[in-house]
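The values are calculated or read from the model by the stated rules, or taken from the named source; none is laboratory data. In this text the structure is predicted, and so the values were computed from the model without any measurement. All Cβ positions, even for glycine, are placed from backbone atoms using ideal geometry, and neighbour counts span all protein chains on display.
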Amino acid sequence: MLADGNLLSCETLSHPAIVTLLDMADAWAAKNRRPEPVKSTILSGRTLINLFFEASTRTQSSFELAAKRLGADVMNMNVQASSVQKGETLIDTAMTLNAMRPDIIVVRHHAAGATELLSQKVDCAVINAGDGAHQHPTQALLDALTIRRIKGRVEGLLVAICGDILHSRVARSNINVLNTLGARVRIIAPSTLLPPQPERFGVEVFTDMVSGISGADVVMMLRLQTERMSGSAVPSSREFFHFFGLDDEKLKSAKPDALIMHPGPMNRGIEIASTVADHPRSAIREQVEMGVAVRMAVLEAIAHQLKSRAGVQP
Amino acid sequence: MSPNRIASRSHGSHSTLGAAGARMRHEAPAKGTLFVNARLMDPESGIDAVGGVLVREDKIADLGPHLTAGSLRDTDRDTDIVDCLGHILAPGLIDGQVYIGEPGEEHRETLKTASKAAAAGGVTTIVVMPDTRPVIDQVALVDFIQRRARDNALVHVATMAAMTRGLDGEEITEFGLLQHYGAIAFTNGKSSIANTRVMRNALLYARDFNALIVHHTEDPYLTSPTTMNSGEVSARLGLPGVGTVAETIMLERDIRLVATTGGRYHAASITCRDSLEVIRAAKARGLPVTCGVSINHLTFNEIDIGSYRTFFKLRPPLRTEADRQAMVEGVADGSIDIVVSGHDPQDADVKRRPFADAAAGAVGLETLLAAALRRHHAGEIPLMRLLQAMTLNPAKLLGLKSGRLSIGAPADLVVFDPNEPWVVAKEDLHSRSKNSPFDTGTLQGRVKRTIVAGSTEYPFPV
């Protein structure tokens, strides 16, 4: 299902692979909701390393929880205090970890392509938990699952992704998955926050929020990544909110039953108004819940492929 | 990709002053005025014929050769009749580049004094630059200008907002909000954006709002505070010079950025043949590029500086005679879109200094039309073309409804005698600063009447 037993990018995920992962995740979501504890031995005796070069709360804890529910031993690498701070290169770090013979490494790195590079240097499975502005596959899968559960389907829906597209790995991953599943995708941003030739992603491009979300079934907001701003892309958060922030007024142009999504963490009053974030149609908490289920499904899929590897039984 | 048009948004009840510009309102004007026996000249329709213009309230209600003193019916008793004595009646001028001292340097010029100079010069709309103290870089300051103009100015005042905060050249301003509250374009005033990324982002961001970027093109690293053209004259005078290359390098860079971003771009004031050729090439490629020239660069050259006459110290500097001729040619063939006064009041304290230390700049609102007529009298530029560059073209560039004689257009008009000679005397100028390079010079062509929004503002109302 997953090429090379890794999950590095959504670009190579096939339609059947995505559907299977979502089906598996659905099953885990149901189990997670039951009162009795989820006790699985799928990953018992396996070691998973959370290697986060970039700060994260929800993704890291979501992976940790998912792995523990599947019985894995989880180690969180505190990169801030590690040898990376002492100047070790990414490849040396990878080689060092590899020598400890983990089964799965979950990596987040600020540089696009870093997870790909790391995966070439280690023998274990690698899951990309976000590499620069490139990919964040489990986020796109959990978003697709959230949409599918609430809307009953993804195919044929009009999904508007709004905000800082240029710097967003979430946007790139979602465009891949949603397009593969047959949704109609729009992206909306000021021109300064669009990548070059955005229409080549197979999306419709808008620089006006109201016309961009007009008739949308799903409005997916992105975080304005102020820490990645350089060279004056947006003049102020006030102006950004005025023209690109999702408020009740702009939301009116979407379908009356439009779903509101945000990958978090939210900047209330910058890309999303508080009233919209806490709207009855906001799926933001559901997204977090589905995050754990999707990561369990991904780990389960990888576990099957681990077992098929020769000579690596614990 | 659909352009992000602010104009089409509904933003509640805030009035959009920007399109027409703010201006002082007198008590209710006469119900109507019929201007007769005028030579009508309108660059939009091309009309050049004797006739009349009927003004009702603040708009043109009718015009054409059919309008004479006998046209009024008995029901039109409350309409005044003005005999234009065969003088030219044209759209009031729109001056696309006016520096003022309000707020912050009111001793140089206020909106009120600048507007008096404008009215006396047949200018019915002045476009004020953001180079004030503080810099016009936020909504509240645009609002301040609009309110001050409403309360004090005789003519329309349109505001160009700063393109970067404090004109620092690094952080772009809130184009969307500023435009909504009345800014008609964005400029970095007298300074150029050295940071290419900032310029690129400004053009890209402006495109979403269909906003115009107006840029002073002068590479800051090739500029010297002396601002004298680099060449034989500067060499003989022993002054460090600035070559035309400082202008063309910046202009060529900007054109490349326009080509990649699609943003609307206006070079504020070109001065040399090389720049003209860059503009022509850009236009031939179909890029959204326009340019302006100041009346000074159509009139004077570096030799006029003579023995260090600081009233001829300008920024950008006066160039060679060949460059001046190129500017004339550019206006004549339409390559140069607009002619501006570049009105820049400087007081005696900063002008009465050694050339290198003196402030740059010249007042020009009051002499703009008459100085432009020199090119007509010299047979270099047709009169209609000159008017077009000071009325219709700036109106189209800045999205103003004025600048044309047509039914329903704002009644912003000028009546002038193109032939009457007069001698410029600085004590007669209405600007608070008297730094005119035309001082003691003879000009041919005199403004007889200036009408703003239907009411006569020059001769000044008593």
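Might you check whether a residue that is touching a His at 6+ places or on another chain (Cβ under 9 Å), under 30 Å from B:Gln179 (Cα atoms), polar (S, T, N, Q) and buried (at least 24 other Cβ atoms within 10 Å of the Cβ) occurs anywhere in the stretch B:380-398?
No, every residue in the stretch B:380-398 fails to be touching a His at 6+ places or on another chain (Cβ under 9 Å), under 30 Å from B:Gln179 (Cα atoms), polar (S, T, N, Q) and buried (at least 24 other Cβ atoms within 10 Å of the Cβ).
Here is a yes/no grid of residues against (1) among the acidic types (Asp, Glu); (2) within 18 Å of the chain's Cα centre (by Cα); (3) surrounded by fewer than 24 Cβ atoms within 10 Å (Cβ to Cβ):
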residue	(1), (2), (3)
A:Pro102	no, no, yes
A:Asp131	yes, yes, no
A:Asn174	no, yes, no
A:Asn179	no, yes, yes
A:Gly182	no, no, yes
A:Pro190	no, no, no
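Does any residue of the stretch B:223-245 turn out to be modelled with pLDDT of 95 or more, touching a Pro at 6+ places or on another chain (Cβ under 7 Å), away from every other protein chain (no Cβ under 14 Å) and part of a loop (DSSP other than H, G, I, E, B)?
no
Is it the case, given these coordinates, that B:Arg197 is more than 16 Å from B:Val135 (Cα to Cα) and within 14 Å of chain A (Cβ to nearest Cβ)?
Numbers: more than 16 Å from B:Val135 (Cα to Cα): yes; within 14 Å of chain A (Cβ to nearest Cβ): yes.
Answer is yes for this residue.
With A:Ser237, A:Ser308 as the choices, which residue is surrounded by fewer than 19 Cβ atoms within 10 Å (Cβ to Cβ), at pLDDT below 95 and either away from every other protein chain (no Cβ under 14 Å) or closer than 30 Å to A:Lys31 by Cβ (or both)? I'd like the intermediate steps shown before the answer.
On the way: A:Ser237 fails: either away from every other protein chain (no Cβ under 14 Å) or closer than 30 Å to A:Lys31 by Cβ (or both).
Of the residues listed, the single one that is surrounded by fewer than 19 Cβ atoms within 10 Å (Cβ to Cβ), at pLDDT below 95 and either away from every other protein chain (no Cβ under 14 Å) or closer than 30 Å to A:Lys31 by Cβ (or both) is A:Ser308.
What is the residue count in the stretch B:227-243 for residues that are among the β-branched types (Val, Ile, Thr) and crowded, with 22+ Cβ neighbours inside 10 Å? Explain how you work it out, then say what you get.
First pass over the stretch B:227-243, keeping only residues among the β-branched types (Val, Ile, Thr): B:227, B:233, B:242.
Right, trim to crowded, with 22+ Cβ neighbours inside 10 Å and you get B:227, B:242.
The number of residues fulfilling the criteria is 2.
Quickly run through the stretch B:246-267 and pick out the residues that are within 14 Å of chain A (Cβ to nearest Cβ) and among the polar types (S, T, N, Q).
B:Thr260, B:Thr261
Considering each residue of the stretch A:67-79, count those that are in a helix (DSSP H, G or I) and out of contact with any strand residue (DSSP E or B) (no Cβ under 9 Å at 6 or more places or on another chain), and give that number.
Here is the first cut: in the stretch A:67-79, the residues in a helix (DSSP H, G or I) are A:67-69, A:79.
Restricting the remaining residues to those that are out of contact with any strand residue (DSSP E or B) (no Cβ under 9 Å at 6 or more places or on another chain) gives A:69.
Within the stretch A:67-79, residues that are in a helix (DSSP H, G or I) and out of contact with any strand residue (DSSP E or B) (no Cβ under 9 Å at 6 or more places or on another chain) number 1.
All but one of (1) small (Gly, Ala, Ser); (2) in a loop (DSSP other than H, G, I, E, B); (3) over 22 Å from B:Met163 (Cα atoms); (4) at the interface with chain B (Cβ under 10 Å from one of its Cβ atoms) hold for A:Gly212; which doesn't?
(2)
Mind listing whichever residues of the stretch A:252-290 are in a loop (DSSP other than H, G, I, E, B), of a type in the set (A, V, I, L, M, F, W, C) and over 22 Å from A:Ser211 (Cβ atoms)?
Scanning the stretch A:252-290 gives A:Met266, A:Ala283.
Mind telling me which of the residues A:Glu54, A:Glu64, A:Glu88 ends up being of a type in the set (D, E, K, R), modelled with pLDDT under 95 and more than 16 Å from A:Asp131 (Cα to Cα)?
Numbers: A:Glu54 fails: more than 16 Å from A:Asp131 (Cα to Cα); A:Glu64 fails: modelled with pLDDT under 95.
Checking each option against the conditions leaves just A:Glu88.
Under the condition of being in contact with a helix residue (DSSP H, G or I) (Cβ under 8 Å, 6 or more places away or on another chain) and part of a helix (DSSP H, G or I), which residue from the stretch B:117-153 is farthest from B:Glu174 (Cα to Cα)?
B:Asn152
Does B:Thr310 satisfy the condition of being of a type in the set (Val, Ile, Thr), over 30 Å from B:Ala425 (Cα atoms) and either free of Cβ contacts under 8 Å to residues at least 24 places away in the same chain or in contact with a helix residue (DSSP H, G or I) (Cβ under 6 Å, 6 or more places away or on another chain) (or both)?
Numbers: of a type in the set (Val, Ile, Thr): yes; over 30 Å from B:Ala425 (Cα atoms): no; either free of Cβ contacts under 8 Å to residues at least 24 places away in the same chain or in contact with a helix residue (DSSP H, G or I) (Cβ under 6 Å, 6 or more places away or on another chain) (or both): yes.
In short, no.
Would you be able to say whether some residue in the stretch B:158-178 is of a type in the set (Phe, Trp, Tyr), within 14 Å of chain A (Cβ to nearest Cβ), closer than 29 Å to B:Val123 by Cβ and touching a strand residue (DSSP E or B) at 6+ places or on another chain (Cβ under 9 Å)?
Our first condition is that a residue be of a type in the set (Phe, Trp, Tyr); within the stretch B:158-178, this holds for B:175.
After this cut, where a residue has to be within 14 Å of chain A (Cβ to nearest Cβ) as well, the list is B:175.
Applying the additional criterion that residues be closer than 29 Å to B:Val123 by Cβ yields B:175.
Add one more test, that the residue is touching a strand residue (DSSP E or B) at 6+ places or on another chain (Cβ under 9 Å), and what stays is B:175.
Checking the stretch B:158-178: at least one residue is of a type in the set (Phe, Trp, Tyr), within 14 Å of chain A (Cβ to nearest Cβ), closer than 29 Å to B:Val123 by Cβ and touching a strand residue (DSSP E or B) at 6+ places or on another chain (Cβ under 9 Å).
Restricting attention to the stretch A:167-201, which residues are within 14 Å of chain B (Cβ to nearest Cβ), of a type in the set (S, T, N, Q) and in a loop (DSSP other than H, G, I, E, B)?
The answer is A:Gln197, and nothing else.
State all residues of the stretch A:215-234 that are facing chain B (nearest Cβ under 9 Å) and of a type outside the set (Gly, Ala, Ser); if no residue qualifies, say none.
So in the stretch A:215-234, the residues facing chain B (nearest Cβ under 9 Å) come out as A:230-234.
Correct list: A:Val234 only.
Please state which one of B:Ala140, B:Ala202, B:Ala149, B:Ala206 is more than 11 Å from chain A (Cβ to nearest Cβ) and buried (at least 20 other Cβ atoms within 10 Å of the Cβ). If you could, list the steps in order and put the result at the bottom.
Working: B:Ala140 fails: buried (at least 20 other Cβ atoms within 10 Å of the Cβ); B:Ala202 fails: more than 11 Å from chain A (Cβ to nearest Cβ); B:Ala206 fails: more than 11 Å from chain A (Cβ to nearest Cβ).
That would be B:Ala149, the only listed residue that is more than 11 Å from chain A (Cβ to nearest Cβ) and buried (at least 20 other Cβ atoms within 10 Å of the Cβ).
Taking the stretch B:180-199 only, how many residues are more than 17 Å from B:Gln97 (Cα to Cα) and either of a type in the set (Lys, Arg) or crowded, with 24+ Cβ neighbours inside 10 Å (or both)? Explain how you work it out, then say what you get.
Filtering the stretch B:180-199 for residues more than 17 Å from B:Gln97 (Cα to Cα) gives B:180-181, B:193-199.
From the residues that got through so far, the ones that are either of a type in the set (Lys, Arg) or crowded, with 24+ Cβ neighbours inside 10 Å (or both) too are B:193, B:197, B:199.
Going through the stretch B:180-199 one residue at a time, the tally reaches 3.
Filter the stretch B:179-194 down to residues that are under 17 Å from the mean Cα position of the chain (by Cα) and aliphatic (A, V, I, L, M) and give me whichever is farthest from the other protein chains (Cβ to nearest Cβ).
Filtering first and then ranking leaves B:Ile184.
Of all residues in the stretch B:209-222 being more than 30 Å from A:Asp208 (Cα to Cα) and surrounded by fewer than 21 Cβ atoms within 10 Å (Cβ to Cβ), which is nearest to the other protein chains (Cβ to nearest Cβ)? First the steps, then the outcome.
Filtering the stretch B:209-222 down to residues more than 30 Å from A:Asp208 (Cα to Cα) leaves B:217-222.
Those still in the list that are surrounded by fewer than 21 Cβ atoms within 10 Å (Cβ to Cβ) too: B:219-222.
Working: B:Asp219: 19, B:Pro220: 17, B:Tyr221: 19, B:Leu222: 23 Å.
Ranking the candidates gives B:Pro220 first.
Kindly establish whether B:Ala267 is more than 23 Å from B:Val328 (Cα to Cα) and small (Gly, Ala, Ser). Step through it out loud before you land on a result.
Working: more than 23 Å from B:Val328 (Cα to Cα): no; small (Gly, Ala, Ser): yes.
Criteria not met by B:Ala267.
For the stretch A:97-107, what are the residues that are modelled with pLDDT under 95 and not in a loop (DSSP other than H, G, I, E, B)?
Within the stretch A:97-107, A:Leu97, A:Asn98, A:Ala99 meet the criteria.
Residue pairs, Cβ under 9 Å, 6 or more apart or interchain, first in the stretch B:411-437 and under 29 Å from B:Lys313 (Cα atoms), second part of a strand (DSSP E or B) and of a type in the set (A, V, I, L, M). List them.
B:Pro418/B:Ile88; B:Pro421/B:Leu443; B:Trp422/B:Leu443; B:Val423/B:Leu443; B:Val424/B:Leu443; B:Asn435/B:Ala362; B:Ser436/B:Ala362; B:Pro437/B:Ala362
Which of the residues that make up the stretch A:147-166 are away from every other protein chain (no Cβ under 14 Å) and surrounded by fewer than 23 Cβ atoms within 10 Å (Cβ to Cβ)?
Those that are away from every other protein chain (no Cβ under 14 Å) and surrounded by fewer than 23 Cβ atoms within 10 Å (Cβ to Cβ): A:Arg148, A:Arg149, A:Ile150, A:Lys151, A:Gly152, A:Arg153, A:Glu155, A:Gly156, A:Leu157, A:Leu158.
One residue is enough: does the stretch B:245-255 have a residue meeting the conditions surrounded by fewer than 17 Cβ atoms within 10 Å (Cβ to Cβ), more than 23 Å from B:Gly189 (Cβ to Cβ), among the hydrophobic types (A, V, I, L, M, F, W, C) and in contact (Cβ under 8 Å) with a residue 12 or more places away in the chain?
No - not one qualifying residue is present in the stretch B:245-255.
When you scan the stretch B:56-74, how many residues do you find that are more than 19 Å from B:Leu387 (Cβ to Cβ) and of a type in the set (Val, Ile, Thr)? Break it down into steps so the answer makes sense when it comes.
Quick first cut of the stretch B:56-74, residues more than 19 Å from B:Leu387 (Cβ to Cβ) only: B:56-59, B:61-62, B:66-74.
This time we only want the ones that are of a type in the set (Val, Ile, Thr), so: B:68.
Here the count works out to 1.
Within the stretch B:319-341, does at least one residue satisfy the condition of being crowded, with 21+ Cβ neighbours inside 10 Å, out of contact with any Phe, Trp or Tyr (no Cβ under 8 Å at 6 or more places or on another chain), of a type outside the set (A, V, I, L, M) and more than 17 Å from B:Ser275 (Cα to Cα)?
Scanning the stretch B:319-341 turns up at least one residue that is crowded, with 21+ Cβ neighbours inside 10 Å, out of contact with any Phe, Trp or Tyr (no Cβ under 8 Å at 6 or more places or on another chain), of a type outside the set (A, V, I, L, M) and more than 17 Å from B:Ser275 (Cα to Cα).
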